Amino acid sequence: MTRLSLSVPLVAPFVGDDEIDAVTAVLRSGQLAQGPETAAFEREFAPVAGTAHAVAVNSGTAANHAALAAFGLSAGDEVVTTPFTFAATATPILMERAVPRFVDIDPRTFNVDPAAMAAAVTARTKAAVVVDLFGLPVDPAGVPALRGRGVRVLEDACQSIGAERDGKRAGSIGEAASFSFYATKNIMTGEGGMLSTGDEAIAAAAKRFRQHGMGAQYEYLSLGYNYRMTDLAAAIGRVQLRRLDGIGRDRRAHAAFYDRELAGVAGLTTPFVPAGSTHAYHQYSILIDAEQTANGKDRDAVRAFLGEHGVGSGIYYPTPLHLHPLFAAFGYGPGDFPVAERVSRQILALPIHPLLSRDQLEHTVRVLRDAVGASTR
Ligand SMILES: Cc1ncc(COP(=O)(O)O)c(C=O)c1O
């Protein structure tokens, strides 16, 4: 292998002069907290999610919390969701004093199929949180089966902005959806989030929820929080929104390169994209099966090798939620969700952000092929 002294960072925020100018203008305006920039960001965002309403908040976690609260859960209600996700998919279930009920994932998409969730619904199930993991939207075809059982559906689209499945935009698959603008997301505001919904009542409830449960000023109708977005964040978000199509194109082009270059390498499985889907590639996550690699190396050994050769990588997620003390307390243990457990041991995210050069992509592929003992092409 040619030893290049290239370094390939796993993530890099895409920030230009336009973001800096937009923030400066807000600073000069004197209106820093939620104001006209936030309102404009909401208006411009709604079509991206394919919904009538968008409500800006200060994180994806807050958007998930606001949606579940708007669903009107009661203590002890059950919410079905996936164990293979970031904690903030499921912690809002606990915030509403409901009980998470996990369902194992599909081994190819890493998502929970909504139809599989419908089979897990009981008389106590009030909601489902489906996740468009890594940027691949869940199958909308399964959602009516959940709705038909009286289950309210929240789509965690924190990783899937700009993606589509069967003509539906990420953010429009459930009754409400959440987006995150955390610093490493496809578009970002440092910290920030958005709730999208076609339901006016959910939008109104979320607007109260982010502002201390207020109706009129200083009239407290229900429990709420300070989940407001600042106009500083919204100004960044509006500029980033204009970059979204280009960012999506670049990420998909990088993914196509990896797909091509890694096809047929023993022990590696590249992401599966079902027909009719446009993947947002927040992550490009491959599986590494040590029983199949030419040199018997497993995920952790491959990751160490990549690191030694300057290639960043990430593990999303090293342990499924049901095996963490916070969620194991609901009676879960090892072996409950074998697919999620195996995928957690084998998964590895490669650099996919738009700022990667062709040299960096080629270096990543070369190092990865070398790591698993594949012949150099
Ligand atoms: C799937 C998923 N859900 C929820 C969140 C929470 O978003 P935030 O970090 O903006 O609170 C994130 C992002 O971190 C996420 O990836």
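Since every read-out is calculated from the coordinates, none of them should be taken as a lab result. Given the structure is predicted, the values throughout are model-derived calculations rather than measurements. Virtual Cβ from ideal backbone geometry, glycine too; neighbours counted across all protein chains shown.
Annotations
- Expected 222 nm ellipticity per residue - DSSP helices of 4 or more, -39500 (n - 2.57), all of the chain, to 500: -11000 deg cm²/dmol
- Shown for the chain is the translational diffusion coefficient from the Stokes-Einstein equation, using the Kirkwood radius over Cα pairs, a temperature of 4 °C and a viscosity of 1.567 mPa s: 61 µm²/s.
- Student exercise, the stretch 17-240 dipole from Lys, Arg, Asp, Glu Cβ charges, in Debye to nearest 20: 580 debye
- What you get for the stretch 196-259, charging only the Cβ of Lys and Arg (+1) and of Asp and Glu (-1), is a dipole of about 220 debye around the Cα centre.
- Segments 182-192, 60-70 sorted - mean Cβ within 10 Å per residue, highest first: 60-70, 182-192
- Within a straight-line Cα-Cα reach of under 26 Å, K126 can be paired with the following lysines, leaving aside sequence neighbours fewer than 8 residues apart in one chain: K168, K207.
- Per-peptide packing, taken as the mean over residues of other Cβ atoms within 10 Å, places 257-267, 209-219, 301-311 in the sequence 301-311, 257-267, 209-219 from highest down.
- Amide H contacts under 5 Å for M214: L221, restricted to partners 5 or more places along the chain or on a different chain, H placed in the peptide plane at 1.01 Å from N.
- Computed from Cα atoms, the angle from the helix 36-49 axis to the main principal axis of the chain rounds to 60 degrees.
- Student exercise, the chain dipole from Lys, Arg, Asp, Glu Cβ charges, in Debye to nearest 20: 100 debye
- Local electrostatic count, Q34, Cβ distance below 15 Å [Lys/Arg +1, Asp/Glu -1]: +2
- Of the beta bridges in the chain, as assigned by DSSP with both residues counted there, near 55 percent are antiparallel.
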